[in-house]
Amino acid sequence: MITRRALPLLTIPLIAQAQAQAQARPVRVIVAFAPGGQSDTVMRLLQPKMAEALGQPVVVENRAGAGGAIAAAVVAGSAPDGLTLLFDSFGFVVQPLIQRGLSFDYETAFAAVAQATELPYVLVTRSNFPGRDLAGYVAEARANPGVTFGSPGVGSTGHLAGVLLAHRAGVRLEHVPYRGGADAARDVAAGNLDSVISTANTLRPLVQDGRARGIALTSATRRGSMADLPTIAESGFPGFDLTSWNGLFAPAATPAAMITRLSEAMRAAAQDPFVRERLGVGGNEAVNEPAAAFAARVAKDRQVVRQLVAETGLRLE
């Protein structure tokens with residue numbers, strides 16, 4: 001006969017067995033953008049060290065489109081077992097202002113797990129663009145309204161930075177959204193696009209080999225692998241500061257213990273000396289903070305975006 005007092009003792013091994021089975025299965029990380037871009041490159045760099053820290057396989061899967069909403073929908077509808085995660089960027093906080101009719105709420109469907117990196121965006125132009133610095137870029141846009149700028153997508157840091165620059169400079173720039181920064185980079189290198197605002201990881205190779213010209217950083221101070229470029233703030237627009245990030249999210253109901261385990265694995269991967277060095281080459285700064293700090297960052301950035309939309313009158317819908 002099994003007594004009620006004995007039931008907890010029988011349950012403990014079952015829970016341990018379930019946890020062990022979960023840890024034996026691969027963790028699937030859904031990247032919200034196309035292969036070859038910033039988010040994909042960073043996650044694939046973190047992947048082996050994260051798997052090592054977790055003691056289980058980590059599989060990266062790309063689901064590009066709709067500014068990250070396609071990938072987010074997959075994760076929002078997944079079981080909260082820590083086996084399906086979302087790797088996204090700053091655009092995560094913008095999507096509620098853009099997407100309508102989603103099956104989930106960005107603010108309630110996810111739990112912040114860990115911020116992996118922080119990075120400025122970079123404005124570059126095609127190699128034969130008339131303006132050679134920010135003053136020249138603005139002058140060309142003023143003389144020829146409709147200078148094009150590409151970005152990794154609607155609502156991305158690149159999109160918002162371009163809109164804010166146009167507003168502050170009093171010029172009209174034409175936004176061309178792409179499914180990822182790599183696609184925009186290919187077009188500016190081919191001369192099919194006047195400019196791009198995207199990550200150093202994506203654009204630095206083009207500047208190095210002369211296929212594009214670096215103009216300015218979107219961050220408040222010079223930082224990252226393209227710190228030789230001036231900032232937009234120091235080039236005539238004081239206070240200009242838009243800095244992106246990459247981070248990991250889980251479905252909202254994921255147990256706190258699992259969030260902690262995943263957070264520690266991501267942070268361990270980002271702090272690995274080799275990974276930190278490679279992140280730095282791509283213009284990324286590794287971040288080592290707990291899940292609560294990342295959640296606070298996300299909440300703060302949502303307020304920044306709302307203020308920017310109010311200031312510029314930008315319609316993201």
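FYI, it's all coordinate maths here, none of it is from the lab. Quick caveat, the model's predicted, so the values are computed rather than measured. As a convention, Cβ positions derive from the backbone with ideal geometry for all residues, glycine included, and neighbour counts pool all protein chains shown.
Ranked by Cβ crowding within 10 angstrom, fewest neighbours first, how are 159, 167 ordered?
167, 159
Can you tally the net charge around residue 140? Count Lys and Arg as +1, Asp and Glu as -1, for every other residue whose Cβ sits under 14 Å from the Cβ of residue 140.
That works out to +2.
Going by the alpha-carbon gyration tensor, a ≥ b ≥ c the square roots of its eigenvalues, is the range 134-223 rounded (a/c under 1.5) or, if a/c is not under 1.5, prolate (a/b greater than b/c) versus oblate?
rounded
I'd like to verify something in the chain: which complete DSSP H helices, judged by Cα projection on the helix axis, reach 27 Å or more and average at least -0.5 on the Kyte-Doolittle scale?
291-312
Can you tally the net charge around residue 92? Count Lys and Arg as +1, Asp and Glu as -1, for every other residue whose Cβ sits under 15 Å from the Cβ of residue 92.
Net local charge, residue 92 excluded: 0.
By counting other Cβ atoms within 10 Å of each Cβ, how are 311, 118 ranked from fewest to most?
Ordered from fewest to most neighbouring Cβ atoms within 10 Å, 311, 118 come out as 311, 118.
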